[in-house]
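Inspection log for the structure reproduced underneath, given as structure tokens.
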Amino acid sequence: MKLQWKVAIVTGAASGIGAHAARLFAGEGATVVCVDRDHHGANAVVNEITAAGGRGLALTVDVSAEDQMREMVERTVEEFGRLDVLFNNAGVMLADDGDAETTTEDVWDQTLAINVKGVWLGCKYGIPAMRDAGGGSIINTASFVALMGAATPQLAYTASKGAVLSMTRELAVLHAREGIRVNALCPGPLRTKLLMDFLDTDEKKQRRLVHVPMGRFGEAEEMAKAALFLATDDSSYMTGATFTVDGGITSAYVTPE
Ligand code: NAD
């Protein structure tokens, strides 16, 4: 098992990528702290983990709240003694995120608070705990939209994911000699609640799919497998990387008919 004796925190663990990653990490032997503001969903994932013979703990946390993020790491170390893997994955794409003219200040602030500040706060409290554990792996979920522009506007979201990428690189450089690796996972468009709620008509879904060489949305499970690779020693020489798992969308100029 690839994460035997390891302790992992997964944020956004109630749904989508986070839920799949939590189950997968636990299946590889990790104790998984499942963090989400959706208490019911995080609990359900922990119940699945324990029913399968694994070990987990659900914590109700808003990743944009500093005191709650500090407590998240303190509680993890108190209960399980260490922190080895931190998957900063919670994120939002708000329905009324638009272009420069239509995006409201509230949408901008909420998006940046969860998607950027949440990742920073995870690192702020997670890094000292990892240092005490002798090193570890941090995975920050960015997005392919940080790498390309789209005519379907979601400006606050796009800006937030660009910030996650640049923050990841700097943290990777700062902490490399401490054995703490920091990588960004860049998913392509996925068939999860987050994107399906945003692309809420068949026409909008088709407009996005037409750009994906593989011709389909990705699955949360496929991202969880990539996160597992980044979490384990299988990726021991990787840090500061932009790990793109996107059905080819960022390589496409023209897609097959
Ligand atoms: P999802 O909506 O299924 O899951 C996101 C989870 O984050 C939810 O359980 C939600 O409750 C939680 N969350 C949101 N705000 C929170 C907060 N303030 N505090 C704690 N938890 C919070 O979405 P997903 O597709 O699994 O998204 C996971 C990550 O992947 C996000 O960062 C998202 O931006 C990114 N991503 C998704 C896609 C896609 O197409 N779905 C593409 C690229 C990147």
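The values are calculated or read from the model by the stated rules, or taken from the named source; none is laboratory data. Computed from a predicted structure; not experimentally measured. When we count neighbours, we look across all protein chains shown, and the Cβ atoms used for this are built from the backbone with ideal geometry, even at glycine. Surface accessibility is based on the protein's heavy atoms, side chains included, excluding ligands, DNA and RNA. Shrake-Rupley method; radii C 1.70, N 1.55, O 1.52, S 1.80 Å.
Of note:
- You will find that of Lys6, Lys2, the residue that is more than 25 Å from Gly218 (Cα to Cα), charged (D, E, K, R) and more than 8 Å from the ligand (Cβ to nearest atom) is Lys6 and no other.
- Every residue from the range 194-204 that is open to solvent by less than 50 Å² (accessible area, probe 1.4 Å) and either outside any helix (DSSP H, G or I) or under 20 Å from Pro256 (Cα atoms) (or both): Leu199
- Contacts under 7 angstrom Cβ, first residue in the range 76-90 being touching a residue at least 60 places away in the same chain (Cβ under 8 Å), partner of a type in the set (D, E, K, R) and assigned to a loop (DSSP other than H, G, I, E, B), 6 or more apart: Asp84/Lys6; Val85/Lys6
- Residue check, Leu155 more than 24 Å from Glu66 (Cα to Cα) and open to solvent by 10 Å² or more (accessible area, probe 1.4 Å): yes
- Restricting the range 240-252 to residues that are crowded, with 21+ Cβ neighbours inside 10 Å and part of a loop (DSSP other than H, G, I, E, B), the residue that is nearest to the chain's Cα centre (by Cα): Asp246
- Set Thr76, Thr104: member being within 30 Å of Phe144 (Cβ to Cβ) and of a type in the set (S, T, N, Q): Thr104
- If the condition is being in contact with a strand residue (DSSP E or B) (Cβ under 8 Å, 6 or more places away or on another chain) and surrounded by fewer than 22 Cβ atoms within 10 Å (Cβ to Cβ), then the range 134-143 contributes only Gly135.
- Residue in the range 227-238 that is farthest from Phe25 (Cα to Cα), counting only those that are of a type in the set (Gly, Ala, Ser) and either more than 14 Å from the ligand (Cβ to nearest atom) or open to solvent by 10 Å² or more (accessible area, probe 1.4 Å) (or both): Ser236
- Filtering the range 184-202 to residues that are more than 7 Å from the ligand (Cβ to nearest atom) and charged (D, E, K, R) leaves Arg191, Asp197, Asp200, Asp202.
- Filtered residues of the range 16-68 (kept if polar (S, T, N, Q), crowded, with 19+ Cβ neighbours inside 10 Å and near the ligand (Cβ under 10 Å from one of its atoms)): Ser64
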